[in-house]
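The values are calculated or read from the model by the stated rules, or taken from the named source; none is laboratory data. This structure is a prediction, so every number in the text was calculated from the model and none was measured. Neighbour counts are summed over all protein chains in view; Cβ atoms, including those assigned to glycine, are modelled from backbone coordinates with ideal geometry. The area values use the complete protein model at the heavy-atom level, side chains included, leaving out ligands, DNA and RNA. Shrake-Rupley method; radii C 1.70, N 1.55, O 1.52, S 1.80 Å.
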Amino acid sequence: MTTAVTVSYYTADDLPAVERQLIDVYAEVYAAEAATDDFFSVARFTERLHAHVRGPRWGCAFGEVDGRPVGYAYGFARTAAYRWNGLITEVPAELLEETDTRTFALCEVMVREQWRGAGIAHTLHEGLLSHRIEARSHLLVEEDHPKVRAVYERWGYSWMGTMQPYPDAPRYDSMIRPLA
């Protein structure tokens with residue numbers, strides 16, 4: 001199996017061309033979680049995807065190996081009007097101040113199981129961030145996934161607090177990384 005990944009960058013205008021593939025990859029990656037928790041269902045993911053795409057400067061790094069979709073990373077820019085709803089822990093006010101170019105909300109990084117461990121997630125992550133104009137990147141990782149959190153720490157993220165962005169969502173470690 002080759003692990004040479006081809007990364008294509010898409011914007012919100014491109015969603016009709018890639019939406020089915022994004023949903024299919026999600027359905028495979030989150031099949032176990034979706035079987036027991038409606039928050040992870042394909043329908044709920046699709047709702048979140050559409051909400052994210054409506055955000056400013058939505059971007060997606062989509063990866064393929066030998067023409068087959070293997071994963072993606074996507075997110076959008078936060079605006080000055082953004083409010084950090086769902087924070088559970090105290091966070092210094094200066095970390096919560098937003099401008100139209102301060103924070104990129106990294107919503108998803110996922111790779112199909114067959115291609116994990118080959119550096120594809122990092123390639124997609126860095127490919128996505130290479131298109132960003134924001135000063136920092138923010139992401140959430142489930143609290144009960146310490147190995148995933150450790151990966152993000154190796155990529156330069158640090159813990160900022162604990163969040164629960166939706167009432168039925170799991171609790172997440174909120175992590176941030178400068179982009180400059």
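Please give the net charge around Asp38, taking every other residue with its beta carbon less than 14 angstrom from that of Asp38, where Lys and Arg add +1 and Asp and Glu add -1. Charge balance near Asp38 sits at -2.
Under the simplified labelling scheme, the Arg171-Glu153 pair shows an inter-label distance of 1.8 nm, with each label point 7 Å from Cα along Cα→Cβ.
Label sites at Glu94 and Ala80, each approximated as a point 7 angstrom past Cα along Cα to Cβ, lie 2.0 nm apart.
Hey, for a label at Tyr9 modelled as a point 7 Å past Cα toward Cβ, could you say which residues of region 52-73 have their backbone N under 15 Å away? Inside the label zone: 57-63, 73. When each of the peptides 32-43, 58-69 is scored by how many other beta carbons lie within 10 Å of its residues on average, the order from highest to lowest is 58-69, 32-43. Positive contributions from Lys and Arg (+1) and negative ones from Asp and Glu (-1), summed over other residues with Cβ under 13 Å from the Cβ of Ile88, come out at -2. Anyone know which of Ile23, Ile120, Ile88 comes out most mobile in the 10 Å Cα GNM of the chain? Ranking Ile23, Ile120, Ile88 by mean-square fluctuation puts Ile88 first.
Quick check on region 11-83: take the gyration tensor over C-alpha atoms, sort the square-rooted eigenvalues as a ≥ b ≥ c, and tell me if it's rounded (a/c under 1.5), prolate or oblate. Oblate, because a/c is 1.5 or more while a/b does not exceed b/c.
Taking all protein chains into account, the per residue accessible area for region 97-180 stands at 49 Å² (1.4 Å probe). Per residue, the chain reaches -9000 deg cm²/dmol at 222 nm when only DSSP H runs of four or more residues are counted, each adding -39500 (n - 2.57). If you sort the three axes of the alpha carbon gyration tensor as a ≥ b ≥ c, you get a/c under 1.5 for the chain, which makes it rounded.
Coupling constants for region 7-22 follow from the phi torsions by the Karplus curve (6.51 cos²θ - 1.76 cosθ + 1.60, θ = phi - 60°), and in residue order they are 10, 10, 9, 10, 10, 4, 4, 8, 3, x, 7, 10, 4, 4, 5, 4 Hz; glycine and proline get x. Prolate is the label for region 119-180, because a/c, from the alpha-carbon gyration tensor with a ≥ b ≥ c as root eigenvalues, is 1.5 or above and a/b exceeds b/c.
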